[in-house]
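Undergrad: I'd like to ask some things about the structure below.
The values are calculated or read from the model by the stated rules, or taken from the named source; none is laboratory data. Remember, it's a predicted structure, so these values are computed and weren't measured experimentally. All Cβ positions, even for glycine, are placed from backbone atoms using ideal geometry, and neighbour counts span all protein chains on display.
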């Protein structure tokens, strides 16, 4: 496939792969009771299986990013997805609780290897297609959330027809399909040129932005190469960690508080969560454009301030309708942090991007581990006051976003209309 139309077809294939791979990710949730009945797993052991997945995914991302910079996005994405498919298939055949836990660890390892590669390839095709990496990284979020939403829906639709083992056998096949889509979207060929992580690419006087418009200047490229990479990645990761921790905390807190003090039924909670995920997907789709247009505005600081206000409202309200509205407002702004953090990395140069995505992903994913644990412990003591603690976390992140604004803005000052292309070719 040649030309811009061919690049856009590859982008469609890649985003489809992301969505398909995430279907298997959420298939396990409806089968949590089965883990107890079929494998006699205690609540603690089930927690270990979930937390072990998140920890393995987080810790393996720096390795995945390092490999991306040296071997190429295509190879590492395929390898990571293949490991994920094998772990999912093995879970379908598991007979003991130890095997279930081991499969979840290996599954997390595979996803951790694949994530930096998938981010890099998405940014690359965004630039080559003319859409820009900012927008396509937002579309990545939409594809991922869509896949996560489909998983439990399929299980509900096929209830009574599909069981634990057939569900994960199907999940393995879907992950194989995702692997094949990535392989077809990117040709085998050249390895990417590698620049030292600390230096980035040499400044070039004529690099055309993906969105058209004037080429990036040597001064703009030099500005990017001077960004303090390790502190920058740490700040981006901590901001995304806070974003993830708030959402991950709401997964147990929302149903606990909604069905408890607020008196809502399980069906109402399910509908509210579905609406929240749908809103997240929509705002992920347009998030890249918003991030690009807001490069002169401290977007991360504003988004976390809105989250803090929504969480404070959830704390004080006694109405389930208002509680749901606060949740949906929070879900509407969360994708803007997701896209903003990744868009900054998406504009870094060759030899820096994979490394940056890997370490960023490790720090960011710790929010998925810490959020539910800290939130449920707080809820046992404080009840609805745990939402106030989450509001404090959001306010602290807002302050960090404001302080880091010069760094967050710097990558967007290099051109007036678009994103300079990532220098890894589609054959990487």
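Undergrad: Please go through region 224-245 and give me each residue that is modelled with pLDDT under 75 and closer than 13 Å to residue 344 by Cβ, ordered by number.
TA: The answer is 224, 227.
Undergrad: Does any residue of region 110-129 turn out to be on the phi > 0 side of the Ramachandran plot, assigned by TED's automatic domain parsing to the domain that holds residue 61 and either in contact (Cβ under 8 Å) with a residue 24 or more places away in the chain or touching a strand residue (DSSP E or B) at 6+ places or on another chain (Cβ under 9 Å) (or both)?
TA: No: zero hits.
Undergrad: Does region 2-20 contain at least one residue that is within 23 Å of the chain's Cα centre (by Cα) and farther than 25 Å from residue 125 by Cα?
TA: No: region 2-20 contains no residue that is within 23 Å of the chain's Cα centre (by Cα) and farther than 25 Å from residue 125 by Cα.
Undergrad: Next question. Just checking, which of 313, 250, 234 is assigned to a helix (DSSP H, G or I) and over 22 Å from residue 400 (Cβ atoms)?
TA: 313
Undergrad: Continuing with the same structure: Of all residues in region 257-272, count the ones that are assigned to a helix (DSSP H, G or I) and buried (at least 20 other Cβ atoms within 10 Å of the Cβ).
TA: So the count comes out to 3.
Undergrad: When region 32-45 is examined, which residues are found to be buried (at least 19 other Cβ atoms within 10 Å of the Cβ) and part of a helix (DSSP H, G or I)?
TA: The answer is 35, 39.
Undergrad: Consider residue 311 carefully, then state whether it is within 24 Å of residue 395 (Cα to Cα), in the same structural domain as residue 391 (by TED's automatic domain parsing) and at pLDDT 90 or above.
TA: yes
Undergrad: Give the residue, chosen from 136, 175, that is buried (at least 23 other Cβ atoms within 10 Å of the Cβ), in contact (Cβ under 8 Å) with a residue 60 or more places away in the chain, outside the structural domain of residue 287 (by TED's automatic domain parsing) and more than 28 Å from residue 344 (Cα to Cα).
TA: Unique residue meeting the criteria: 175.
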